[in-house]
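S.K.: Just passing along the structure, written as structure tokens.
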Amino acid sequence: MVDTCLAIDIGGTSIKSGHVDASGSLVGEIRMTAVGDDPLGTVLGIAREARDTTRAIGVGSPGYLSADRTQVAYAVNLGWRDVDLVDRLQDATGRTVVLEGDANAAALAESRVGAGQGQSSVLVVTLGTGIGIGFTVQGQVFLGAQGFAGQAGHMPVHGESACCDCGRVGCWEISASTRGFERMLDGTPLEGHGAREALRRSALGDVDAQEAVQAWTASITAGLIPLICMLDPACIVIAGAVSESGSAFLPQLRERIAHASAGQVIGVYPARLGPAAGVIGAGLLAWDQVR
Ligand SMILES: [Zn+2]
């Protein structure tokens, strides 16, 4: 009996794939494949190659998915519109295929087998060039009526401030994303050095870096508080590359949240699975279909 599921995490420039066992552990290494000129052909190729060694296939995709999770409705980086990914993969492999958003797949992994393991509800916040959130209840991702839950990066929390790529003003991610953090470094000696370097220098006592971290954690908190009020999560997991530098900003973030959330006790933890979260989550979703 085959005892792993193939998991595919599609990114803008490369596709991660791996085999995941029923407990959510990776079996072997994660493989990286360039997206290339034909992303669909690349995904189908990875799946065909593994069809005899997989029970089912889980896929995490960027972009907007259809509410029934059979199609990628729109993924700008892949040039995809209304791609019947589930049908195409099932036809190519004869296996059960499950599709979910990449951020949701990663959130599921962190909540079941990562930093949120054992918690009843987990809010996973990914800080990158934008902000993505995934909210899980009893190990299941909350999707909303049409599958669009979690577009929290575009909550208007900053009043009439700068314009966002989405066309609105005041979006949370304008200043709370890592790109927002990097903008806070403009005009300081740290300009152009990137978020992780600024966090490193902040931990070493650099005053400019520390001031930027203060402003950044205030911005992150401004969006987390309404989410905490609405969702009352048992814990918050901070994901994204900056989570590896968590000691430089998480203590301050915890303090701000405790101060602003009036009595609620919420754990705030760095993500534990790193860049493997998307693959592991896609694998767990595949297992949910066949066990
Ligand atoms: Zn926006």
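The values are calculated or read from the model by the stated rules, or taken from the named source; none is laboratory data. Quantities reported herein were computed from a predicted structural model and do not represent experimental measurements. Counting neighbours? That spans all protein chains shown, and the Cβs are built from the backbone with ideal geometry, glycine included.
S.K.: Could you list, in sequence order, all residues of segment 1-18 that are under 18 Å from the mean Cα position of the chain (by Cα) and of a type in the set (Asp, Glu)?
M.R.: Matches in segment 1-18: Asp9 only.
S.K.: What's the number of the condition Leu99 fails, among (1) under 28 Å from Ile236 (Cα atoms); (2) touching a Pro at 6+ places or on another chain (Cβ under 7 Å)?
M.R.: (2)
S.K.: Moving on to the next point. Looking at segment 170-188, I want the residues that are crowded, with 24+ Cβ neighbours inside 10 Å and have a partner that is of a type in the set (Lys, Arg) with Cβ atoms under 8 Å, at least 6 apart or on another chain. Which pairs are those?
M.R.: Glu173/Arg179
S.K.: Do any helices (runs of 4 or more DSSP H) lying entirely in segment 144-215 carry at least 2 residues that are within 14 Å of the ligand (Cβ to nearest atom) and in contact with a strand residue (DSSP E or B) (Cβ under 7 Å, 6 or more places away or on another chain), and which ones are they?
M.R.: On the way: elements: 172-176, 178-184, 195-203.
In segment 144-215, 172-176 are the helices (runs of 4 or more DSSP H) which contain 2 or more residues that are within 14 Å of the ligand (Cβ to nearest atom) and in contact with a strand residue (DSSP E or B) (Cβ under 7 Å, 6 or more places away or on another chain).
S.K.: Which of the residues that make up segment 217-237 are touching a Gly at 6+ places or on another chain (Cβ under 7 Å) and closer than 20 Å to Arg183 by Cα?
M.R.: Across segment 217-237, the qualifying residue is only Ser219.
S.K.: Could you list, in sequence order, all residues of segment 189-205 that are without any contact (Cβ under 8 Å) to a residue 12 or more places away in the chain and at negative phi? I'd like the intermediate steps shown before the answer.
M.R.: First, pick out the residues of segment 189-205 that are without any contact (Cβ under 8 Å) to a residue 12 or more places away in the chain: 191-193, 197, 201, 204-205.
Scanning segment 189-205 gives Glu191, His193, Glu197, Arg201, Leu204.
S.K.: Let me ask you something else. On the basis of being part of a helix (DSSP H, G or I) and either farther than 20 Å from Leu199 by Cα or under 20 Å from the mean Cα position of the chain (by Cα) (or both), does Ile228 make the cut?
M.R.: When the stated conditions are applied, Ile228 passes them.
S.K.: Follow-up. Being part of a strand (DSSP E or B), assigned by TED's automatic domain parsing to the domain that holds Ala286, more than 30 Å from Ile266 (Cβ to Cβ) and in contact (Cβ under 8 Å) with a residue 24 or more places away in the chain, is that true of even one residue in segment 30-47? Spell out the reasoning first.
M.R.: Looking only at segment 30-47, we keep the residues that are part of a strand (DSSP E or B), and these are 30-34.
Imposing the further condition that a residue be assigned by TED's automatic domain parsing to the domain that holds Ala286 reduces the set to 30-34.
Now drop any that are not more than 30 Å from Ile266 (Cβ to Cβ), which leaves 30-34.
The next check asks that each one be in contact (Cβ under 8 Å) with a residue 24 or more places away in the chain; those that pass are 30.
Yes.
S.K.: Can I ask one more? Only one of (1) closer than 17 Å to Pro270 by Cβ; (2) part of a helix (DSSP H, G or I) is not met by Pro233, so which one is it?
M.R.: (2)
S.K.: Could you figure out which of (1) over 18 Å from the mean Cα position of the chain (by Cα); (2) of a type in the set (Gly, Ala, Ser); (3) surrounded by 17 or more Cβ atoms within 10 Å (Cβ to Cβ); (4) within 18 Å of Ile131 (Cα to Cα) isn't true of Gly240?
M.R.: Condition not satisfied by Gly240: (1).
S.K.: Right, here's the next one. Being more than 16 Å from the ligand (Cβ to nearest atom) and assigned to a loop (DSSP other than H, G, I, E, B), is that true of even one residue in segment 237-246?
M.R.: Taking segment 237-246 first, the residues more than 16 Å from the ligand (Cβ to nearest atom) are 237-246.
Imposing the further condition that a residue be assigned to a loop (DSSP other than H, G, I, E, B) reduces the set to 240.
Yes.
S.K.: Still on this structure, please answer the following. Check segment 137-148 and report whether any residue there is crowded, with 20+ Cβ neighbours inside 10 Å and under 18 Å from the mean Cα position of the chain (by Cα).
M.R.: yes
S.K.: Also, I was wondering about something else. Taking strands (runs of 3 or more DSSP E) that fall entirely within segment 64-143, which contain at least 2 residues that are polar (S, T, N, Q)?
M.R.: Values: elements: 72-75, 80-83, 96-101, 121-127, 131-137.
Strands (runs of 3 or more DSSP E) meeting the threshold: 121-127.
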